[in-house]
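Everything on this sheet refers to the single structure shown next.
The values are calculated or read from the model by the stated rules, or taken from the named source; none is laboratory data. Here the structure is a predicted model, which means the values were calculated and not measured. Heads up, the Cβs are rebuilt from the backbone with ideal geometry, glycines too, and the neighbour counts pull from every protein chain shown. Surface areas here come from the heavy atoms of the whole protein model, side chains and all, with no ligands, DNA or RNA. Shrake-Rupley method; radii C 1.70, N 1.55, O 1.52, S 1.80 Å.
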Amino acid sequence: MEMKIFKALAAAWLLACCNAHAAYTTYIYESGGNVVASGAGTLDTTSLGALGALSVTPLVIPVSAILRVGTPGASIQAFGPLNGPASFGPGGLTNADGGTGDMVGLFGALALFVPQAYVAGDPLSSSASWSAATLATLGLTPGDYTWTWGSGPSSDSYTLRVGVAPPGVIVASIPTLSEGAAVVMSALLAIAGICALQRRRP
């Protein structure tokens, strides 16, 4: 089910992102008691130097501006360096509970992560989730963060939006205490009514 949700989220706004010139955006937001990351777009790596390849899992380390979103165990290629913020919150390492799609991310201004054998300009999409978490528990500071590189036609950027859902995505809410109490009360009243009707029958 999570895999289907991730794919739907990415597909819902991938087209909108790809209309922009070579740029990638990742959204991290709270939904239904979890934290979800969803990214899409394209990346131009032609002006960056290759730094090596490895297999990784999705995770977040806000204090070091490290983020990886995508299918666990995917092979990636690192490129760098970039220009941008050194952190997007005080949080430490938290592995994601699941992920799907292309593995995309960054290591602060040191490196950009893309799928191994990625062809610059090809469309990308990825998702990951952290169960029973909030932006606060992950140590994420809401806001927009952007890393840039290159110049002229080969210039590009990676934007991280913390606390914002992708356009068109409806965020699932968690019932408040009053809402939960109303549901329980309705159920109890229904049960009481059924019992009363049964007692009246001969």
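Residues in region 39-75 that are among the polar types (S, T, N, Q) and assigned to a helix (DSSP H, G or I): Ser64 alone.
The set of residues in region 118-148 that are hydrophobic (A, V, I, L, M, F, W, C) and farther than 28 Å from Ala50 by Cα comprises Trp130, Ala132, Ala133, Leu135, Ala136, Leu138, Leu140. Where strands (runs of 3 or more DSSP E) sit wholly within region 76-156, those with at least 3 residues that are within 21 Å of Leu43 (Cβ to Cβ) and open to solvent by 50 Å² or more (accessible area, probe 1.4 Å) occupy 143-149. Among the residues making up region 44-75, those that are under 19 Å from the mean Cα position of the chain (by Cα), of a type in the set (Val, Ile, Thr) and open to solvent by 50 Å² or more (accessible area, probe 1.4 Å) are Thr57, Val63, Thr71. Of all residues in region 49-73, those that are closer than 19 Å to Leu160 by Cβ have Cβ atoms under 6 Å from Cβ atoms of residues that are open to solvent by 10 Å² or more (accessible area, probe 1.4 Å) and charged (D, E, K, R), 6 or more apart or on another chain, in Val56/Arg68; Pro58/Arg68; Leu59/Arg68; Gly70/Asp102.
If you scan region 157-170, which residues turn out to be surrounded by 14 or more Cβ atoms within 10 Å (Cβ to Cβ) and either farther than 14 Å from Ala40 by Cα or out of contact with any strand residue (DSSP E or B) (no Cβ under 7 Å at 6 or more places or on another chain) (or both)? Give the steps one after another, and end with the answer.
Taking region 157-170 as the starting set, the residues that turn out to be surrounded by 14 or more Cβ atoms within 10 Å (Cβ to Cβ) are 157-166, 169.
Val162, Gly163, Val164, Val169 - these are the residues of region 157-170 that are surrounded by 14 or more Cβ atoms within 10 Å (Cβ to Cβ) and either farther than 14 Å from Ala40 by Cα or out of contact with any strand residue (DSSP E or B) (no Cβ under 7 Å at 6 or more places or on another chain) (or both).
Taking Ala22 as meeting all but one of (1) in contact with a strand residue (DSSP E or B) (Cβ under 9 Å, 6 or more places away or on another chain); (2) over 17 Å from Gly84 (Cβ atoms); (3) open to solvent by 10 Å² or more (accessible area, probe 1.4 Å); (4) modelled with pLDDT under 95, write down the number of the exception. It fails just one condition, (2).
Tell me which residues, restricted to region 134-154, are in contact with a Pro (Cβ under 6 Å, 6 or more places away or on another chain) and among the small types (Gly, Ala, Ser). Explain how you work it out, then say what you get.
The initial filter retains those residues of region 134-154 that are in contact with a Pro (Cβ under 6 Å, 6 or more places away or on another chain), namely 139-140, 145.
If the condition is that a residue be in contact with a Pro (Cβ under 6 Å, 6 or more places away or on another chain) and among the small types (Gly, Ala, Ser), then Gly139 is the only one that fits.
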